[in-house]
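To start, the structure under review is shown below, and the notes come after it.
The values are calculated or read from the model by the stated rules, or taken from the named source; none is laboratory data. Just so you know, these numbers come straight off a predicted model, no measurement behind them. For neighbour counting, all protein chains shown are included, and Cβ atoms are generated from backbone atoms with ideal geometry for every residue, glycine included. Side chains are part of the model used for accessible areas, which takes the heavy atoms of the whole protein and leaves out ligands, DNA and RNA. Shrake-Rupley method; radii C 1.70, N 1.55, O 1.52, S 1.80 Å.
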Amino acid sequence: MKREPTFFESISCFIVLGLVIGVGFGYFGIPIQPLLLVSAAYAALIALRVGVSWDKMEKGIITRLKTAMPAIFILFAVGIIIGTWIYSGTVPLLIYYGLQIISPTYFLVTAFVIVAVVSVATGTAWGSTATAGVALMGIAAELDVSLAMAAGAVISGGVFGDKLSPLSDTTNLAPLVVEVNLYEHIKHMLWTTVPASIVGLIIWFFVGINTDYSNASSGNVDSLLTELDTIYNWNIFMLIPFAIILWGAFAKKPVVPMMLLSSVAAVFIGMFSNGFTLVDGMTAMADGFSVAMINDPGFDPASLSENVTSLIVRGGIFSMTTIVVTIFCGYAFAGIVEVAGCLDKILNTFSRMVESTWKLIGVTILGSVVIVFTAGVASISIIMVGVLLQDAYAKQGLQAKNLSRTLEDSGTMLLPFVPWGVSGIYYLEVLGVSVADYWIWAIPCYLCVVFAMIYAGTGIGIAKSEGQTAVKAE
C-alpha cells in the first residue's frame with residue numbers, strides 16, 4: 001500500500017545526491033554517471049519504503065526519458081553537424097575570416113552578440129554554440145583571449161537566444177504549463193533578461209579594454225591561417241550549410257530536420273570543394289572529421305600543429321555518447337523521486353510557507369534550482385514547479401506570466417551551471433571548458449535570478465491580476 005513520503009524521506013534523497021556527487025565527483029573525480037546511479041539506488045530504497053513497486057519505478061523512469069527524446073535527437077544532430085561542418089570547411093571558414101576581422105579587445109562582446117542572434121534565429125543554445133560558438137572558441141584560442149571568458153560569453157549568448165526565441169522548447173513549454181500566451185511570456189522575460197545581459201556586456205567590454213593582448217602572437221595566427229589554407233579550398237558555397245540553418249529558423253521549420261539537411265549539404269560541399277570522399281563524409285557524421293581524410297598526395301598530417309588538429313578533429317554522433325548516457329542516469333534518479341512523491345512533498349511543504357510575493361518567487365527559484373541540479377535538465381523543473389505553484393500565484397494576485405518568467409530565470413538560465421547536467425557536460429564536450437572555469441563569466445545567466453528577486457521585493461516588473469494588489473516584501 002503506497003503512502004505519502006515524509007519530508008525527511010523526501011529531502012534525504014537530495015541530501016544523498018549532493019553528498020555522493022560532491023564527494024565522488026568534486027573530491028575524488030569519479031565519473032558522474034555511476035554516482036547518479038548510486039543516488040538513484042538510494043531513491044529506489046525510499047520509494048520501496050513508501051510502497052512503490054519496481055515496475056512503477058521503471059514506468060516513472062521511462063516517462064521521464066520520453067520527455068528527453070527531443071533533446072537526445074538534437075544532441076545527435078549536433079554531433080553530426082559539427083563533424084560535417086568541419087568536413088565541408090564551414091566552421092574553418094568562419095574561423096579563418098573571423099581571425100582577420102574580430103578584435104581581441106571586443107571579442108567577448110562580439111561573441112555574445114553573434115551567438116545570441118544565431119540562437120534567437122534557431123531556438124537552440126546547443127545548436128548555436130555548436131556552430132557559431134565552436135568557431136568563436138577557435139578564434140579566441142588564437143587571439144589569446146581567455147577560453148573561460150570566451151565560453152562564458154558564448155554560453156550566455158546561446159542561453160539568451162534559447163530563452164527568448166519563439167522556436168525554443170523551454171520558451172514554449174513554460175507558458176504552456178501555466179497557460180500564458182507565448183509572446184506575452186517572451187515580452188515579460190525581457191524584464192530580467194535584458195538588464196542582466198546589459199550588465200554582462202558592460203563587464204565584458206571593460207575587461208576587454210583593460211586586458212593587454214600585446215603578447216598575442218600574430219605569428220601563431222598567420223601559421224594557423226596557412227595550415228588551414230593547405231586543407232581547404234575556400235569558397236562561398238561553404239556558407240550554404242549555415243544558410244540552411246538560418247533559413248529553416250526564419251521559415252519556422254523543425255530544428256532537427258534542418259540540421260540534418262544542412263549536414264547532408266555539407267558532405268557534398270566537402271566532396272566538391274575539398275576533394276574529400278563520400279565515405280569520409282559519412283564517417284564524419286559518425287566519428288567526426290579526421291586529418292586522415294585529407295587525400296592530397298603532398299600533404300603530411302604530421303605537419304599540422306596541435307592547435308589546428310584540436311580545432312578540426314572533432315564531432316560525430318559518437319562524440320555525444322557521454323551526454324546521452326548521463327541523461328539516462330540522471331533520469332533514473334529523477335523518475336524515481338518523482339513517482340515516489342518526494343518532489344511533490346518538498347514543493348508542497350515550501351509552498352505552505354508562502355505569504356508574500358518575494359517569498360513566493362523565492363520558493364519558485366528554490367524549487368527550480370533543486371530540481372535542475374537534481375535532474376540536470378530544465379523541462380522537469382518547469383513542469384513540476386509550474387503545476388504545483390500556479391494556484392499560489394493566483395491567490396497572491398499575480399498573473400501567471402510572473403511564474404513562467406521565473407521558471408525560465410531559475411531553470412533555463414541556471415542549467416549551464418550544473419557540472420553533471422546535460423548542458424554542463426555538453427558545453428565541456430563542445431567548447432572544451434568546464435563549468436568550474438566558465439561559470440563566473442556567464443554573467444547574464446545568474447544575474448537573471450538576482451533581478452527576479454529584486455523585482456519580487458520592490459514590486460517592479462511584477463504583473464498583477466486586475467483589481468488585485470500583490471503583497472510586497474514584509
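You will find that of Ser223, Ser262, the residue that is among the polar types (S, T, N, Q) and either over 18 Å from Ser128 (Cβ atoms) or not in a helix (DSSP H, G or I) (or both) is Ser223 and no other. Of all residues assigned to the range 350-359, at least one qualifies as being open to solvent by 20 Å² or more (accessible area, probe 1.4 Å), out of contact with any helix residue (DSSP H, G or I) (no Cβ under 6 Å at 6 or more places or on another chain) and within 17 Å of Asn402 (Cβ to Cβ).
What are the residues in the range 148-173 that are in contact with a Gly (Cβ under 7 Å, 6 or more places away or on another chain), hydrophobic (A, V, I, L, M, F, W, C) and at pLDDT 80 or above, if any? Selection gives Val154 alone.
Being without any contact (Cβ under 8 Å) to a residue 24 or more places away in the chain and either more than 19 Å from Val308 (Cβ to Cβ) or hydrophobic (A, V, I, L, M, F, W, C) (or both) holds for only one residue in Ile186, Ile114, Ile203, and it is Ile186.
Would you be able to say whether some residue in the range 403-410 is modelled with pLDDT of 85 or more, more than 24 Å from Leu147 (Cβ to Cβ) and either outside the structural domain of Ile11 (by the TED database) or not in a helix (DSSP H, G or I) (or both)? Yes, the range 403-410 contains a residue that is modelled with pLDDT of 85 or more, more than 24 Å from Leu147 (Cβ to Cβ) and either outside the structural domain of Ile11 (by the TED database) or not in a helix (DSSP H, G or I) (or both). Residues satisfying the criterion are absent from the range 50-62 (criterion: of a type in the set (S, T, N, Q) and crowded, with 23+ Cβ neighbours inside 10 Å).
Kindly check whether there is at least one residue in the range 63-83 that is among the aromatic types (Phe, Trp, Tyr), over 14 Å from the mean Cα position of the chain (by Cα) and farther than 16 Å from Gly432 by Cβ. Checked against the condition, which is being among the aromatic types (Phe, Trp, Tyr), over 14 Å from the mean Cα position of the chain (by Cα) and farther than 16 Å from Gly432 by Cβ, the range 63-83 yields at least one hit. Quick check: is even one residue across the range 318-339 within 30 Å of Thr84 (Cα to Cα), open to solvent by less than 10 Å² (accessible area, probe 1.4 Å) and in contact with an Asp or Glu (Cβ under 8 Å, 6 or more places away or on another chain)? Yes - at least one qualifying residue is present in the range 318-339.
Screening the candidates Phe28, Phe8, Phe14 for the property of being of a type in the set (Phe, Trp, Tyr), open to solvent by 10 Å² or more (accessible area, probe 1.4 Å) and within 23 Å of the chain's Cα centre (by Cα) yields one hit, Phe14. Filter the range 265-291 for residues that are outside any helix (DSSP H, G or I) and of a type outside the set (Ser, Thr, Tyr) and give the result. Within the range 265-291, Gly275, Phe276, Gly288, Phe289 meet the criteria.
Among the listed residues Ile294, Ile346, Ile371, which satisfies the condition of being of a type in the set (A, V, I, L, M, F, W, C) and either modelled with pLDDT of 80 or more or surrounded by fewer than 19 Cβ atoms within 10 Å (Cβ to Cβ) (or both)? Sole residue among the options that is of a type in the set (A, V, I, L, M, F, W, C) and either modelled with pLDDT of 80 or more or surrounded by fewer than 19 Cβ atoms within 10 Å (Cβ to Cβ) (or both): Ile294.
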